[in-house]
Amino acid sequence: QVQLQQWGAGLLKPSETLSLTCAVYGGSFSGYYWTWIRQSPGKGLEWIGAINHSGTTNDNPSLKSRVTMSVDISKNQFSLNLTSVTAADTAVYYCARGRLVFPPDYWGQGVLVTVSS
Amino acid sequence: EILLTQSPGTLSLSPGDRATLSCRASQSLSRNYLAWFQQRPGQAPRLLIYGASNRATGIPDRFTGSGSGTQFTLTISRLEPDDFAIYYCQQYNSSPRTFGPGTKVDIK
């Protein structure tokens, strides 16, 4: 049974860096693209990007300049950093398991990140 | 970037009714890489359909996906209480992956 558990700071000030980590339990870590998706009332579901076990990334150009993704295969974890956050980055952030040509099939529980001064 | 539009925005139906949800893509999905997700309040989206017409593991057969190219449909044959939720389509034919705005199925 695959489970994804995610965590990170839930309240940020403008210009700070959002940092989230997702741990994968059960199943293989290799062979998948580990994905970040966010959901805000204003923009709905937005695909942020994905990274595989060897560090190859697939980014959303709209966020690419501010996004860094990484993996720690020794811990079966992957992380997201989003720099210079603004109120527009307020959203529930999800981690998920996908493949290059397969949609996300297992999701984390979501973390609400609020950006406010 | 491929834009997805969904219709209707809201569908008000009763348990036992048939629901028909539409998703249209701004460009042809050449490999029909179109998925449907269900999201209940306070929960993460759940994968229902992949490849336009393949049910994901554990998804009951009252959920059926169809379509190709730019026009796709999710049909729920007989609505059960747990089916009242928001449904999103997503294309994974090209990057960036994109989602539709959702169709809310609520109780009439």
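Using θ = phi - 60° in the Karplus curve 6.51 cos²θ - 1.76 cosθ + 1.60, the 3J(HN,Hα) couplings for segment A:40-53 round to 10, x, x, 10, x, 8, 10, 7, 8, x, 8, 9, 9, 5 Hz; x is entered for Gly and Pro. Accessible surface buried at the A:B interface totals approximately 1500 Å², computed with a 1.4 Å probe on protein heavy atoms.
Taking the Cβ-Cβ separation of residue A:57 and residue A:9 as r and a Förster radius of 30 Å, what is the calculated FRET efficiency to the nearest 0.05? After rounding, the FRET efficiency stands at 0.85. Give the calculated FRET efficiency between residue A:88 and residue A:64 to the nearest 0.05, with a Förster radius of 22 Å applied to their Cβ-Cβ distance. Working from the Cβ atoms, E equals 0.90. A dipole drawn for chain B from +1 and -1 charges on Cβ atoms has a positive end, and of B:13, B:89, B:50 the residue lying farthest that way is B:50. In the context of the full set of protein chains, chain B has a per residue accessible area of 45 Å² (1.4 Å probe). Backbone amide hydrogens, once placed in the peptide plane, bring residue A:9 within less than 5 Å of A:19, excluding anything fewer than 5 places away on its chain. Among B:59, B:49, B:86, the residue with the largest mean-square fluctuation in a Gaussian network model of chain B, with springs joining Cα atoms closer than 10 Å, is B:59. Accessible surface for chain A, divided over its residues, is 46 Å² per residue with a 1.4 Å probe. Computed over chain B, relative contact order equals 39 percent, with contacts defined as Cα pairs under 8 Å that lie 6+ residues apart.
Straight-line cross-link reach from residue B:108 at under 19 Å between alpha-carbon atoms covers these aspartates and glutamates, not counting any fewer than eight positions away in the same chain: B:17, B:80, B:82, B:83.
Think of it this way: in the protein assembly as shown, no Cys stands alone, since each has another Cys Cβ under 4.7 Å. Per residue, the convex hull spanned by the Cα atoms of the protein assembly as shown amounts to 114 cubic angstrom.
The values are calculated or read from the model by the stated rules, or taken from the named source; none is laboratory data. Keep in mind that this is a model prediction, so the values were computed, not measured. Counting neighbours? That spans all protein chains shown, and the Cβs are built from the backbone with ideal geometry, glycine included. SASA here: full protein model, heavy atoms, side chains in, ligands and nucleic acids out. Shrake-Rupley method; radii C 1.70, N 1.55, O 1.52, S 1.80 Å.
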